[in-house]
Amino acid sequence: MSDSITSSLQEHRVFQPSPEFSRRSHVKSMDHYRSLWTRSIDDPESFWAEAARELHWFKTWDKVLDWNEPYAKWFVGAKTNLAYNCLDRQIDAGRGNSTAIIFEGEPYADGKPLEIRKLTYRQLRDEVCQFANALKSIGVKKGDRVTIYLPMTPEAVVTMLACARIGAAHSVIFGGFSSQAITDRVIDAQSHFIITADGGYRRGTTVALKKSVDEALKATDLVKKVIVLKRTGESVNMTPGRDVWWHDAIAGQSNDCPAEPMDAEDLLFVLYTSGSTGKPKGIQHTTAGYMVGTYLSTKYTFDIQPNDIYWCTADIGWITGHSYVVYGALNNGTAVFMYEGAPNYPDFSRFWDIIERHKITIFYTAPTAIRAFMKAGLDYVKKHNLSSLRLMGSVGEPINPEAWMWYHEHIGSSRCPIVDTWWQTETGMHMITPIPGATPTKPGTATLPFFGVDAAIVDRNGNELGPNEGGLLVIRKPWPAMLRGIFNDPDRYKKQYWSDVPGMYFTGDGARRDHDGYFWIMGRVDDVVNVSGHRLGTAELESALVAHPAVAESAVVGIPHEMKGQGLAAFVILKSGYSASDALKKELSDQIAREIGSFARPDQIRFAEGLPKTRSGKIMRRLLKEVAGGGGVKGDVTTLEDFNVIAKLSASDEG
Ligand code: WTA
């Protein structure tokens with residue numbers, strides 16, 4: 001880990017929110033933002049208690065925060081239920097007949113989508129209660145972990161909320177992950193139940209989800225029941241006694257299911273994410289703090305207003321789907337738009353077509369998608385009227401200023417504020433973000449900390465660095481939606497996040513602050529790469545490669561990639577008796593697709609005779625990055641064990 005990072009990005013354009021936007025928003029000026037932020041830092045307990053009072057509690061807290069570094073408990077002693085807050089609280093406030101979800105499936109013909117479904121808050125509660133009763137009937141109990149492997153349909157939201165309603169924790173697995181990833185996560189979470197579908201629609205074809213589940217369950221007998229939603233109608237094998245159709249499971253179930261009063265610190269969900277070493281980590285989020293953090297950040301960052309139609313394009317399988325498609329959004333009583341499929345089906349105008357037809361007002365997407373739209377060209381955009389939009393967001397990776405400007409001019413008509421939100425699976429909620437009616441924005445920076453967030457740039461000893469000095473991005477105070485631990489691995493929590501910089505949460509990101517105090521994220525300083533906004537640990541990819549009989553050793557590094565932000569280069573050392581070939585490259589790429597998922601296929605696979613290592617045996621990834629980036633090897637090589645290795649690597653073929 002290096003703590004001196006050079007930054008070369010210079011950006012001077014500043015965009016003020018329009019007076020019109022500011023006047024109508026929750027936070028109307030920088031003075032307003034500053035006074036709220038200062039209060040949230042000086043007296044976090046009263047700040048967060050005030051936010052919490054906007055929500056429903058079966059019993060209120062005895063204490064707002066119990067902090068025993070690195071362990072936080074928020075709203076100690078309180079009882080609440082997040083599904084109750086997202087549904088019953090809305091209905092009690094008169095929103096029973098308001099739209100909760102507008103869903104559009106991917107299939108499209110004759111210039112229109114074939115499926116649009118709308119659910120009011122009352123209808124959504126009915127479906128959630130009915131499914132919650134179905135879960136109980138198959139034996140799901142409070143505290144159990146339920147695995148969810150579903151397409152982006154309303155049933156995914158129904159399943160998550162049904163779990164939350166009865167106090168079962170969900171573990172959602174992104175539908176792009178392979179069967180091996182399901183096996184690993186089911187075993188780690190000790191999950192006895194899976195909710196899946198026959199398949200889902202994606203890019204004009206179907207993804208066979210149930211088939212992956214069947215494959216995954218060959219390797220473990222932990223799973224007792226599988227509920228299968230009929231979505232595509234493709235044929236599937238149903239294992240008698242284990243598998244049951246969704247429609248059979250809910251048949252005859254009542255749509256009344258009382259919400260379980262959950263303890264503030266009861267587990268709400270586990271979500272697996274990549275770290276720099278070993279297997280994915282099951283990030284644990286608990287009930288009350290996560291609820292309050294996602295509620296308030298949705299309200300302020302997206303400036304939710306009564307008539308908004310809000311669309312966050314993230315899949316339910318990522319933290320963005322959890323916090324800003326489901327919990328934060330519904331808890332604000334807004335109308336949530338969901339789309340099942342690919343942005344380029346049937347062509348690159350699909351998103352703009354959706355915005356026009358559904359009159360989307362808030363649009364939240366990822367830089368990788370924006371870059372893909374830029375490349376596809378403006379013709380797709382120009383055909384559509386995007387005047388319903390009033391606010392746009394970005395998340396998942398640094399947004400480059402060109403992409404920011406394109407988004408601003410062509411999607412937002414130079415009129416809509418852009419919120420570039422920096423946060424993580426671990427933080428649960430937005431941590432650094434503009435507040436749209438207040439914060440002047442600059443292309444490429446996530447700007448300033450959210451309320452209650454004490455973010456700083458420090459060196460390895462925790463000393464704060466000066467303006468424009470690159471360093472480590474840390475958070476110095478606990479916040480309500482912070483992770484509470486790593487499932488099954490309490491020691492790793494402390495080691496991973498709280499030991500690099502004494503007394504502070506280390507994010508793994510490098511960043512600098514400019515003279516206005518704005519944070520410019522420079523990317524990960526650990527061995528995690530961000531491919532199209534998907535966080536991948538290089539250690540996981542390496543172990544997938546080494547699992548192939550031909551591979552003795554491998555090193556995977558991130559390389560700059562025009563569309564994906566980062567791409568992957570894999571260096572592979574073969575066992576004796578095996579020789580390099582294009583056929584083997586293809587096999588190794590397939591191996592990654594099988595073990596992790598197709599989205600993780602390397603951009604380059606290079607065979608080498610040896611890897612550059614330090615005297616202590618650590619792979620010198622910096623050198624590999626330079627080799628893979630094609631720029632030749634620069635810089636200091638005095639710690640290299642075998643100089644010849646570098647020359648051979650540079651000469652090795654690419655592909
Ligand atoms: C990166 C996604 C720059 C960062 C919510 C972080 C970003 C990692 C931004 C978390 C942003 C996310 N600007 N970088 N606005 N948002 N990142 O857990 O490196 O999938 O640490 O959470 O994505 O990825 P994760």
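Hey, with R₀ at 25 Å, roughly what FRET efficiency would Lys141 and Thr239 work out to, going by the Cβ-Cβ distance, to 0.05?
Efficiency, from the Cβ-Cβ distance: 0.65.
Pairs of Cα atoms nearer than 8 Å and 6+ residues apart set the relative contact order; for the stretch 170-326 it is 21 percent. A protection proxy built from the mean count of other Cβ atoms within 10 Å ranks the segments 51-58, 548-555, 404-411, most packed first, as 404-411, 548-555, 51-58. With a threshold of 27 Å on the Cα-Cα distance, the over-threshold entries among Lys142/Lys281; Lys210/Lys495; Lys477/Lys618; Lys279/Lys575; Lys225/Lys586 are Lys210/Lys495; Lys477/Lys618; Lys225/Lys586.
Does the stretch 377-505 come out rounded, prolate or oblate by the C-alpha gyration tensor, with a ≥ b ≥ c the root eigenvalues, rounded set by a/c under 1.5 and, if not, prolate when a/b is larger than b/c and oblate if not? If you can, show how the numbers build up before the last one.
On the way: a/c = 2.63, a/b = 2.02, b/c = 1.30.
It is prolate, given that a/c is not under 1.5 and a/b is the larger ratio.
For the pair Lys63 and Ser35 in one chain, pulling the backbone fully straight at 0.36 nm per residue adds 7.7 nm over the alpha carbon distance. Along the Cα-to-Cβ line of Glu562, 7 Å from the Cα, sits a label point; which residues in the stretch 360-390 have backbone N less than 17 Å from it? 368-378, by backbone N distance to the label point. For the chain, the relative contact order works out to 14 percent when only alpha carbon pairs closer than 8 Å and six or more residues apart are counted. Assign unit charges at the C-beta atoms only (+1 for Lys and Arg, -1 for Asp and Glu), then state the dipole size of the chain relative to its Cα centre in Debye, rounded to the nearest 20. Magnitude of the dipole: close to 660 debye.
Rounded to the nearest 10 square angstrom, Trp246 shows an accessible area of 20 square angstrom against a 1.4 Å probe.
Using a cut-off of 11 Å between beta-carbons, work out the net charge of the residues near Ile101 (Lys and Arg +1, Asp and Glu -1, Ile101 not included).
Details: positive: Arg117, Lys118; negative: Glu104, Glu127, Glu155.
Summing Lys/Arg as +1 and Asp/Glu as -1 gives -1.
Just how large is the dipole of the stretch 317-385 about the Cα centre, in debye to the nearest 20, putting +1 at every Lys and Arg Cβ and -1 at every Asp and Glu Cβ?
It comes to approximately 160 debye.
Peptide packing: for 166-172, 397-403, 75-81, the average count of neighbouring Cβ atoms within 10 Å per residue gives the ranking 166-172, 75-81, 397-403, highest mean first.
Candidates Trp406, Phe131, Val213 compared by Cα position along the dipole of the chain: farthest toward the positive end lies Phe131, with charges placed on Cβ. A simple rule links phi to the HN-Hα coupling: the Karplus curve 6.51 cos²θ - 1.76 cosθ + 1.60 with θ = phi - 60°, which for the stretch 59-73 gives 8, 7, 7, 8, 8, 6, 9, 10, 10, 10, 2, x, 10, 10, 10 Hz, with x for Gly and Pro. Among Thr196, Thr239, the order of accessible area from largest down is Thr239, Thr196, computed with a 1.4 Å probe on protein heavy atoms. Once the Cα-Cα distance is subtracted from the 0.36 nm per residue extended length, the Val546 to His384 segment shows a gain of 53.5 nm.
The candidates Met152, Met522, arranged from most to least accessible area with a 1.4 Å probe in the full protein assembly, appear as Met522, Met152. By accessible area, using a 1.4 Å probe on protein heavy atoms only, the chain has 49% of its surface on carbon and sulfur. The alpha-carbon of Lys359 sits under 28 angstrom from the alpha-carbons of these lysines, leaving out residues fewer than 8 places away in its chain: Lys28, Lys112, Lys118, Lys299, Lys375, Lys382, Lys383, Lys442.
When a/c reaches 1.5 or more, the comparison of a/b and b/c decides; with that in mind, is the stretch 142-222 rounded, prolate or oblate per its Cα gyration tensor?
Values: a/c = 2.50, a/b = 1.18, b/c = 2.12.
It comes out oblate by the Cα gyration axes.
Amide H contacts under 5 Å for Met338: Ile102, Phe103, Glu104, restricted to partners 5 or more places along the chain or on a different chain, H placed in the peptide plane at 1.01 Å from N. Modelled spin labels at Arg24 and Asp582, positioned 7 Å past Cα toward Cβ, are 5.7 nm from each other. Peptides 484-490, 211-217, ordered by how many other C-beta atoms sit within 10 Å of their residues on average, highest first, read 211-217, 484-490.
Under a 5 Å amide H cut-off, with hydrogens placed 1.01 Å from N, Gly597 pairs with Ser178 among residues at least 5 apart or on other chains. The mean accessible area for residues of the chain, using a 1.4 Å probe and ignoring ligands and nucleic acids, is 37 Å² per residue.
Simple spin-label estimate for Glu609 and Asp590 gives 3.0 nm between the two label positions (7 Å along the Cα-to-Cβ direction from each Cα). In terms of the Cα gyration tensor, with a ≥ b ≥ c the square roots of its eigenvalues, is the stretch 274-358 rounded because a/c is under 1.5, prolate because a/b exceeds b/c, or oblate? Oblate is the answer for the stretch 274-358, as a/c is 1.5 or above yet b/c matches or exceeds a/b. Across the stretch 495-508, coupling constants 3J(HN,Hα) worked out from phi with the 6.51/-1.76/1.60 Karplus curve, θ = phi - 60°, read 5, 5, 10, 10, 10, 5, 10, x, x, 9, 7, 9, 7, x Hz, and Gly and Pro carry x. Other residues with beta-carbon under 11 Å from the beta-carbon of Glu115 carry, at +1 per Lys or Arg and -1 per Asp or Glu, a net charge of 0. Mean separation of Cα pairs under 8 Å and 6 or more residues apart, divided by the residue count, gives the stretch 119-260 a relative contact order of 29 percent. Over the heavy atoms of Tyr149, what accessible area does a 1.4 Å probe trace out, to the nearest 10 Å²? Accessible area of Tyr149: about 0 Å². In the chain, helices alone account for a calculated mean residue ellipticity at 222 nm of -8000 deg cm²/dmol, with every DSSP H run of four or more residues adding -39,500 (n - 2.57).
As an exercise, use a Förster radius of 60 Å and the Cβ-Cβ distance of Glu553 and Asp516 to find the FRET efficiency, rounded to the nearest 0.05. Efficiency, rounded to the nearest 0.05: 0.80. Each residue of the stretch 189-197 was assigned a 3J(HN,Hα) from its phi angle through the Karplus curve 6.51 cos²θ - 1.76 cosθ + 1.60 (θ = phi - 60°); the sequence is 7, 6, 9, 9, 9, 10, 10, 9, 9 Hz, with glycine and proline shown as x. Counting only protein heavy atoms and using a 1.4 Å probe, the accessible area of Ile521 comes to about 30 Å². Full extension of the chain segment joining Asp248 with Glu215 gains 9.6 nm, where the gain is 0.36 nm per residue of separation less the Cα-Cα distance.
The values are calculated or read from the model by the stated rules, or taken from the named source; none is laboratory data. What you see is a predicted model, and the numbers here were worked out from it, not measured in a lab. Cβ coordinates were reconstructed from backbone atoms using ideal geometry, including for glycine residues, and neighbour counts include every protein chain displayed. With ligands, DNA and RNA removed, areas are computed over all heavy atoms of the protein, side chains included. Shrake-Rupley method; radii C 1.70, N 1.55, O 1.52, S 1.80 Å.
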